[in-house]
Amino acid sequence: MKKLVLSDLHETLGGKMVEYAGYKMPIQYAEGVKIEHQTVRESVGVFDVSHMGELFISGDKALDFLQYITSNDVSKLIPGKVQYTCLPNANGGIVDDFLLYMIAKNNYLLVVNASNMEKDLAWINKHNTFGCRVDNQSDNFSLLAVQGPKSIELLQELTSVDLSEIKYYNFRIGSIADIDEVILSRTGYTGEIGFEIYVKNESVKQLWDALFATSIEMKAIGLAARDTLRLEKGYCLYGNDINDTTSPIEAGLGWITKFTKEFVNHDNLKAQKEAGATKKLVGLELIDKGIARNGYPIVNAEGNKIGIITSGTMSPTLNKAIAMAYVPKEFSKLDSEILIKVRKKLIRAKVVKMPFLN
């Protein structure tokens, strides 16, 4: 199992460490998930998500290569912009979802899920008939996500870069906390204002200490709160809500699937979009008491399985049990009622609009 550079620090802070994507990661700290969740929604917190992978792709045909292997339209990027996209596979599913950064002409950064690193690299190298350089720098970078309404105010104490001028899904490369060549990215997976900060491993402790030395009080936040925060915003988590067998059309990711170009499995996905997917990822709000967890079956009135819960929790902000699930198209309309099998009980839920929290 790999360790984060700051792993010992997280333990000192009372972090409960668990295995996640091959890394020892803090799932929560002493105050618990609800406090951490509330901190990000109302103030500011920092996540150590250094397990994420950083793949740099460069070469004269880098744009053509990325256009072919990704679903989104890479030609829309300019240096300093970020794009959410995915790697479609040949069977209609998703190899991985990730952020694509345009660093400069013919120079891109892919920030991928750690659990998919080997699979992603194998897929990318398999399709690299474009002569591009694929440089895996994952073991050299750390990533801190500073998220919450006070994140800009906090970070601005540490940098001369005007952070308020960086729009959502844009980034700058600059200096912060006396560390040069840092990627300051206006992105995050919480639905709050925030930045994801990419630094070399040798500088991450310096950055961490600087964050906690500002005049703004902040807390360290674990993976459990990251999960409840992203679920409230209806963001997909790879391995739960999307995987090798779920298509971007079924997952509601048609907006990152652009048919103005040709890409892997382009024709089949286009046909699926035009015909309409037979199943859809929907948001659910539980009517009866209970919590729906990943893997719980969904049944119809006759007790026949028709779907599956992919993510579920008790929303700390809404104080309601919410979930995401794949259901047949005919059950996907708003206010449709379905039944979730929780052990030996059947509990009612209704389809609601996502995101759960605006």
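Bear in mind these aren't lab numbers, they're just calculated from the coordinates by the rules spelled out. Keep in mind that what you see is a predicted model, and the values were worked out from it rather than measured. Cβ atoms come from the backbone with ideal geometry, glycine included; neighbour counts cover every protein chain shown.
Quick one: which residues, 5+ away or cross-chain, put their amide H under 5 Å from the amide H of V95? H built at 1.01 Å from N.
The list, which skips near neighbours in sequence, is L87, N89.
Using a cut-off of under 17 Å, list every residue of segment 276-298 whose amide N is near the label point 7 Å from the Cα of K329 along the Cα-to-beta-carbon line.
276-282
With n ≥ 4 as the cut-off for DSSP H runs, can you work out [θ] at 222 nm for the chain, using -39500 (n - 2.57) per run divided by the number of residues, rounded to the nearest 500?
For the chain, the value works out to -5000 deg cm²/dmol.
So, in nm, how far is label K270 from label K350 when the simple model puts each one 7 Å beyond its Cα toward the Cβ?
4.0 nm
What does the C-alpha gyration tensor say about the overall shape of segment 141-230? Classify as rounded when a/c is under 1.5, otherwise prolate if a/b is larger than b/c, or oblate.
Verdict is rounded for segment 141-230.
Explain nothing, just compute: Karplus ³J(HN,Hα) = 6.51 cos²θ - 1.76 cosθ + 1.60, θ = phi - 60°, for every residue of segment 16-25 in order, whole Hz, x for Gly and Pro.
So the Karplus estimates, Gly and Pro as x, are 7, 9, 9, 7, 8, 6, x, 10, 8, 10 Hz.
Spelling out what I want: for every residue of segment 316-332, take phi, set θ = phi - 60°, compute 6.51 cos²θ - 1.76 cosθ + 1.60 (Karplus), and round to whole Hz; glycine and proline get x.
Karplus-based 3J(HN,Hα) across segment 316-332 equals x, 7, 8, 6, 9, 7, 10, 7, 10, 7, 8, 9, x, 3, 5, 9, 8 Hz.
Go ahead and set up a Gaussian network model of the chain, Cα springs under 10 Å, then flag whichever of I179, I322, I193 fluctuates most.
Result for the chain, Cα springs under 10 Å: I179 fluctuates most.
For segment 293-301, take each phi angle, set θ = phi - 60°, evaluate the Karplus expression 6.51 cos²θ - 1.76 cosθ + 1.60, and give the result in whole Hz per residue in order, putting x for glycine and proline.
Rounded to whole hertz, the list is 10, 3, x, 5, x, 10, 10, 8, 4.
Among E217, E42, E274, which one shows the highest mean-square fluctuation when the chain is modelled as a Gaussian network with alpha-carbon springs under 10 Å?
The residue with the greatest mean-square fluctuation here is E274.
Could you tally the net charge around K219, taking each other residue with its Cβ under 9 Å from the Cβ of K219, Lys/Arg +1 and Asp/Glu -1?
The answer is -3.
7 Å from Cα along Cα→Cβ at both V134 and F259: what's the point-to-point distance in nm?
Simple spin-label model gives 2.8 nm for this pair.
Quickly work out the D8-to-A122 label distance, labels modelled 7 Å from Cα along the C-beta direction, and quote it in nm with one decimal.
Placing both labels 7 Å along Cα→Cβ, they lie 3.5 nm apart.
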